[in-house]
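The values are calculated or read from the model by the stated rules, or taken from the named source; none is laboratory data. Keep in mind that what you see is a predicted model, and the values were worked out from it rather than measured. Here the Cβ positions follow ideal geometry from the backbone for every residue, glycine too, while neighbour counts run over all protein chains shown. Each accessible area value is taken on the protein alone, full model and side chains, heavy atoms only, with ligands, DNA and RNA left out. Shrake-Rupley method; radii C 1.70, N 1.55, O 1.52, S 1.80 Å.
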Amino acid sequence: MTTQSAQPDLLYSEEEEALRAAVRDLLADHCDPADVIARTESGAPQDREVWKALAEGMGLAGLLVPEALGGQGATHREAAVVLEELGRAVAPVPYLTSAVVATEALLACDADDLLAELASGRRIGALAVALNIAPGGAHRTVRVEGGALHGELTGIADAAAADVLLVPAEDGGLYAVDADAVTVAAQVSLDLTRPVAKVVLDGADARRIGDAAPAVRRALRAGAGLLASEQLGLAEWSLTETVRYLKERKQFNRPVGGFQALKHRLAQLWLETVHTRAAARNAADALAGGSADADVAVALAQAYAAPVAVHAAEEALQLHAGIGMTWEHPVHLYLKRAKADSIAYGTAGSHREALAGLVDLQAP
């Protein structure tokens, strides 16, 4: 793995901007907010057509997979750009869980065949670790008896959409299990666009693909780091749409956005969003370059991005006034995703604590 230069590159390259434009155009055509809301009311919240277009049509499921294994051989920087756009659209696709987290776990194992399948987009993977677990955090495992797995795992994001589950076991191994061999039961989820589920393994046939500890840590670190880019996309949409609405809405025969108090709130939100972009880009760049400070960059990004995304969505809801409180307006999708993301892969508080330890500034 190459070593990153001391100076991080926070700017977007021409190729990254071209990738952003392509993903944004696709989502504009195939991920309308009204359709997303309708899907949350159905029994199939995940949009398979959008996933197929992203994964198979554009080859984005394999961004982090080497070309020799059927992937694109790109980096976390490109994956971060994709996640920014997916966050802006609150797209109900398992990109973060499959193309990032499960893929990163497989990259730490001996499972080239599974990597190729996930890279192609023909199969979806999910790491069977609860969504709230931070990198390095303790997580539940299952028993291994006679080569089969027994146990119950809860809070597994996108388990219902997965074709293969990567399950950590008590013997220290990480096992690949076909989704047909387990029972998946939906759990109540605040964010209906990224549902969580309980996975029950009752003698499920499994294949050991590597050691769980390094694979899970690598996967959760990448998940936490790139989640910041999704949160950036959420915050940017919230700010942009709120500014647009306040320019149109009038009170006392003048645009509401011209009131000084609201200007101050929007200016503060803009500053927070810009700072989030810097933190998210720094984390993606550090992960891409294999920087020795990647743990610091990821912890910093999550400590900052999570509360900003929530604040941006809350401001959008409040400043849209009555229309923002309706089910028909998509702002509730962004608030729910931001709230759910704020505890995904560790809370901001847990990342601040980790950051303090990494830079040796722990509280007395």
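Is it the case, given these coordinates, that Thr240 is within 27 Å of Ala306 (Cβ to Cβ) and free of Cβ contacts under 8 Å to residues at least 40 places away in the same chain? Spell out the reasoning first.
Working: within 27 Å of Ala306 (Cβ to Cβ): yes; free of Cβ contacts under 8 Å to residues at least 40 places away in the same chain: yes.
Yes; evaluated as a whole, the condition is true for this residue.
What do you reckon, is Val50 assigned to a helix (DSSP H, G or I), within 22 Å of Leu234 (Cα to Cα) and touching a residue at least 60 places away in the same chain (Cβ under 8 Å)?
Details: assigned to a helix (DSSP H, G or I): yes; within 22 Å of Leu234 (Cα to Cα): yes; touching a residue at least 60 places away in the same chain (Cβ under 8 Å): no.
So Val50 fails the test.
Have a look at Leu83, Leu106, Leu60 and point out the one that is within 13 Å of Gly121 (Cβ to Cβ), in contact with a Leu (Cβ under 6 Å, 6 or more places away or on another chain), aliphatic (A, V, I, L, M) and open to solvent by less than 10 Å² (accessible area, probe 1.4 Å).
So the residue among Leu83, Leu106, Leu60 that is within 13 Å of Gly121 (Cβ to Cβ), in contact with a Leu (Cβ under 6 Å, 6 or more places away or on another chain), aliphatic (A, V, I, L, M) and open to solvent by less than 10 Å² (accessible area, probe 1.4 Å) is Leu60.
Do you know which residues across the stretch 200-228 are under 18 Å from Ala138 (Cα atoms) and either open to solvent by less than 50 Å² (accessible area, probe 1.4 Å) or among the β-branched types (Val, Ile, Thr) (or both)? I'd like the intermediate steps shown before the answer.
Step one: of the stretch 200-228, the residues under 18 Å from Ala138 (Cα atoms) are 211-224.
Answer for the stretch 200-228, where residues must be under 18 Å from Ala138 (Cα atoms) and either open to solvent by less than 50 Å² (accessible area, probe 1.4 Å) or among the β-branched types (Val, Ile, Thr) (or both): Ala212, Ala215, Val216, Ala219, Leu220, Ala222, Gly223, Ala224.
Looking at this structure, is Arg277 open to solvent by 20 Å² or more (accessible area, probe 1.4 Å), over 19 Å from the mean Cα position of the chain (by Cα) and of a type outside the set (Gly, Ala, Ser)?
On the way: open to solvent by 20 Å² or more (accessible area, probe 1.4 Å): yes; over 19 Å from the mean Cα position of the chain (by Cα): no; of a type outside the set (Gly, Ala, Ser): yes.
Here the answer is no, as Arg277 does not meet what is asked.
So which of Val199, Val243, Val177 ends up being under 29 Å from Ala89 (Cβ atoms), assigned to a strand (DSSP E or B) and among the β-branched types (Val, Ile, Thr)?
Val199
Quick check on the stretch 161-170. Is at least one of its residues of a type outside the set (S, T, N, Q), in a helix (DSSP H, G or I) and crowded, with 17+ Cβ neighbours inside 10 Å? Walk me through it before giving the result.
Initial filter on the stretch 161-170 (of a type outside the set (S, T, N, Q)): 161-170.
Restricting the remaining residues to those that are in a helix (DSSP H, G or I) gives 161.
Right, trim to crowded, with 17+ Cβ neighbours inside 10 Å and you get 161.
Yes, the stretch 161-170 contains a residue that is of a type outside the set (S, T, N, Q), in a helix (DSSP H, G or I) and crowded, with 17+ Cβ neighbours inside 10 Å.
What pairs come up if the first residue lies in the stretch 337-364 and is under 21 Å from Ala312 (Cα atoms) and aliphatic (A, V, I, L, M), the second is open to solvent by 60 Å² or more (accessible area, probe 1.4 Å) and modelled with pLDDT under 95, and their beta carbons are under 8 Å apart, counting only those six or more places apart or on different chains?
Ala340/Leu190
All but one of (1) of a type outside the set (A, V, I, L, M, F, W, C); (2) farther than 24 Å from Ser42 by Cα; (3) open to solvent by 20 Å² or more (accessible area, probe 1.4 Å) hold for Thr154; state the number of the condition that does not hold.
(2)
Considering only residues of the stretch 141-151 that are open to solvent by 10 Å² or more (accessible area, probe 1.4 Å) and among the β-branched types (Val, Ile, Thr), which is nearest to Ala215 (Cα to Cα)?
This residue is Thr141.
Against the condition part of a strand (DSSP E or B), open to solvent by less than 10 Å² (accessible area, probe 1.4 Å), out of contact with any Gly (no Cβ under 8 Å at 6 or more places or on another chain) and closer than 24 Å to Arg39 by Cβ, how does Val184 come out, does it pass?
On the way: part of a strand (DSSP E or B): yes; open to solvent by less than 10 Å² (accessible area, probe 1.4 Å): no; out of contact with any Gly (no Cβ under 8 Å at 6 or more places or on another chain): yes; closer than 24 Å to Arg39 by Cβ: yes.
Here the answer is no, as Val184 does not meet what is asked.
Looking for something of a type outside the set (Val, Ile, Thr) and under 21 Å from the mean Cα position of the chain (by Cα) - is there at least one such residue anywhere in the stretch 166-177? Explain how you work it out, then say what you get.
Here is the first cut: in the stretch 166-177, the ones of a type outside the set (Val, Ile, Thr) are 166, 168-176.
After this cut, where a residue has to be under 21 Å from the mean Cα position of the chain (by Cα) as well, the list is 166, 168.
Yes.
Which condition does Ala138 not pass, out of (1) surrounded by fewer than 24 Cβ atoms within 10 Å (Cβ to Cβ); (2) in contact (Cβ under 8 Å) with a residue 60 or more places away in the chain; (3) under 25 Å from Thr347 (Cα atoms); (4) hydrophobic (A, V, I, L, M, F, W, C), if it passes all the others?
For Ala138, the exception is condition (2).
Within the stretch 247-306, which residues are in contact with a strand residue (DSSP E or B) (Cβ under 8 Å, 6 or more places away or on another chain) and in a helix (DSSP H, G or I)?
Lys247, Glu248, Val256
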